[in-house]
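*Asks:* Have a look at this one before I ask anything.
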Amino acid sequence: MAQNARHVHVVGTGTIGEPLLGLLCTFRKELGIDTISFNKKQALTSDRPKVRALMRRGALLAADKEMIPKFEELGMKIAFDFEEALERASVVIDCTPAGNTNKTQNYARHEKKTLGFVAQGSEFGFGKPYARGINDEALVRVEDQYTQVVSCNTHNLAVVIDTLALQDKDPGNLVEGRFVLIRRSSDISQDGSFVPAPAAGKHDDARFGTHHARDAWHLFKTLGYELPLFSSAMKVNTQYMHSMWFSIRLREKITLPQVIGRLRENQRVALTEKRSANTIFSFGRDQGHFGRLLSQTVVSVPTLHVRDEHEVVGFTFTPQDGNSLLSSVALAAWYLYPEDYVERLQPLKAFFFEEI
């Protein structure tokens, strides 16, 4: 491999890791990536079809040194061991729930050679929180070697706030933002964690309620904003999509046509006349990349309502993990090409939708 090769290594092949690898492989040339690799912990025959499919797309398999014989015994060719993959990597994207652990145990010793490390929404504190299009201007080269892509629901919440309340970059326009996250119980790729009936969540944070508002607060804090946010959450017995009810009270007066106009102008927002998750999910399955829509939110227009000229309420749907995938790819491109990463992301806009 050339000394200055641009190599992206993905840790984990779960609900985020696998489709992320698909995106990176599909747009490798456009993103300016030379090689892509991924890490597997366990050598399982049940994972072999997925691993082979990713390898056919051009991704290279890495594993812990002691596990290499087991992988190769099962017919999965190892390109290099995990430590070598980290040594080669320009960017490491951790898609596991162990990002903070890996940071101290594995990534810290590679800081001098690696441009950046990215973790996902569960790994609060890993690095600067990020959502594509929300706080790109807050990213600082070298200083932000560690970044955390906020959760898919936090993306949803944040883009609604950004679009409806912060058009003029005036945080004082948001009087209050309240959100109820109605979460699917598990992804269609998962067998566990399914709930038999709707289950209400607890308010573990005295100030913010749930981590969704807390994470959004920290996301906007990178821009110098301190927003009044509160969220609640519950799980429902579905595997389709998360949804969200929101109430945003503004200082300014606003009309329903103005609300729809602001949402329509934002390319990261998809509008729909649909009110059911299954029809939106079906559209994503047929038209998305690996079944994912890369829009940050899908707003159900018939549910929008303006109350007392200042409060906007409505329902939105979270596009699987598509928004987190986009932000992960955006960070990889930013670490590699900070001057023109936005242009390199343009081919992905084929999976943004104005209307669903």
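Read-outs throughout are calculated quantities, based only on the coordinates presented, and are distinct from any laboratory measurement. Bear in mind that the values here come from a model prediction, so they are computed numbers and not experimental data. Methodologically, a virtual Cβ is constructed for each residue, glycine included, from the backbone with ideal geometry; neighbour enumeration extends over all protein chains shown.
*Asks:* Compute the angle between helix 17-26 and the longest alpha-carbon principal axis of the chain, please, reported from 0 to 90 degrees and rounded to the nearest 10.
*Replies:* For 17-26 against the chain, the angle is about 80 degrees.
*Asks:* Considering the Cα trace of the range 201-247, what is its radius of gyration and what is Dmax, both in angstroms?
*Replies:* Every Cα atom of the range 201-247 included, Rg and Dmax give 12.3, 38 Å.
*Asks:* Do the alpha carbons of any pairs in 128/274; 40/274; 65/103; 202/349 sit beyond 31 Å of each other, and which pairs? Intermediate values should be presented prior to the final figure.
*Replies:* Working: 128/274 35 Å; 40/274 39 Å; 65/103 19 Å; 202/349 37 Å.
Beyond 31 Å between Cα atoms: 128/274; 40/274; 202/349.
*Asks:* Given Cα pairs under 8 Å that are at least 6 residues apart, what percent is the relative contact order of the range 152-322?
*Replies:* Values: 353 pairs, mean separation 48.2, N = 171.
Rounded, it is 28 percent for the range 152-322.
*Asks:* When the dipole is taken about the Cα centre of the chain, and only Lys, Arg (+1) and Asp, Glu (-1) are charged at their Cβ, what size is it in debye, to the nearest 20? Mind showing how you got there, number by number?
*Replies:* On the way: 43 positive and 42 negative charges, 122 e Å.
In total the dipole reaches around 580 debye.
*Asks:* Would you kindly state how much longer the chain becomes between residue 74 and residue 87 on full extension, computed as 0.36 nm times their sequence separation minus their alpha carbon distance, in nm to one decimal?
*Replies:* Taking 0.36 nm per residue and subtracting the Cα distance, the gain is 2.1 nm.
*Asks:* Once the Cβ-Cβ distance between residue 136 and residue 286 is put in as r, and R0 is 30 Å, what FRET efficiency do you end up with, to the nearest 0.05?
*Replies:* Values: r = 30 Å, r/R0 = 1.01.
Calculated value: 0.50.
*Asks:* Which whole-percent values make up P(r) of the range 152-322 when all C-alpha to C-alpha distances are grouped in 10 Å steps starting at zero?
*Replies:* Whole-percent P(r) values from 0 Å outward: 10, 39, 37, 13, 1.
*Asks:* Let me ask you something else. Only loop residues by DSSP count here, and only those with at most 10 other Cβ atoms within 10 Å; note down the trypsin sites (Lys or Arg not before Pro) in the range 101-155 that meet that.
*Replies:* Details: sites: 103, 109, 112, 113, 132, 141; in loops: 112, 113, 132, 141.
Passing both the DSSP loop test and the Cβ count: 112.
*Asks:* Quick check on the chain: helices-only [θ] at 222 nm, where DSSP H runs of length 4 and up contribute -39,500 (n - 2.57) each and the sum goes over total residues. Nearest 500, please.
*Replies:* Working: 12 runs with 105 residues, N = 356.
Value at 222 nm, helices only: -8000 deg cm²/dmol.
*Asks:* Write down the Kirkwood hydrodynamic radius of the chain, to one decimal in angstroms, obtained as one divided by the mean of 1/r over all alpha carbon pairs. List each step's numbers first, then the result.
*Replies:* Values: mean 1/r = 0.0478 Å⁻¹.
So the Kirkwood estimate lands at 20.9 Å.
*Asks:* Helix 322-336 sits at what angle to the longest principal axis of the chain, using alpha carbons and giving 0 to 90 degrees rounded to 10?
*Replies:* 60
*Asks:* Here's a follow-up. By how many degrees, between 0 and 90 and to the nearest 10, does the Cα long axis of helix 211-221 differ from the longest principal axis of the chain?
*Replies:* Here the helix axis deviates by roughly 90 degrees.
*Asks:* For residue 30 and residue 47 in one chain, what is 0.36 nm times their gap in residues minus the Cα-Cα distance, to one decimal in nm?
*Replies:* Working: separation 17, 0.36 × 17 = 6.12 nm, distance 2.88 nm.
The span from residue 30 to residue 47 would gain 3.2 nm if fully extended.
*Asks:* Over the range 1-145, what is the mean sequence separation of C-alpha contacts under 8 Å (at least six apart), divided by residue count, expressed as relative contact order in percent? Display every interim value, and only then the final one.
*Replies:* Working: 206 pairs, mean separation 32.9, N = 145.
The normalised contact order for the range 1-145 reaches 23 percent.
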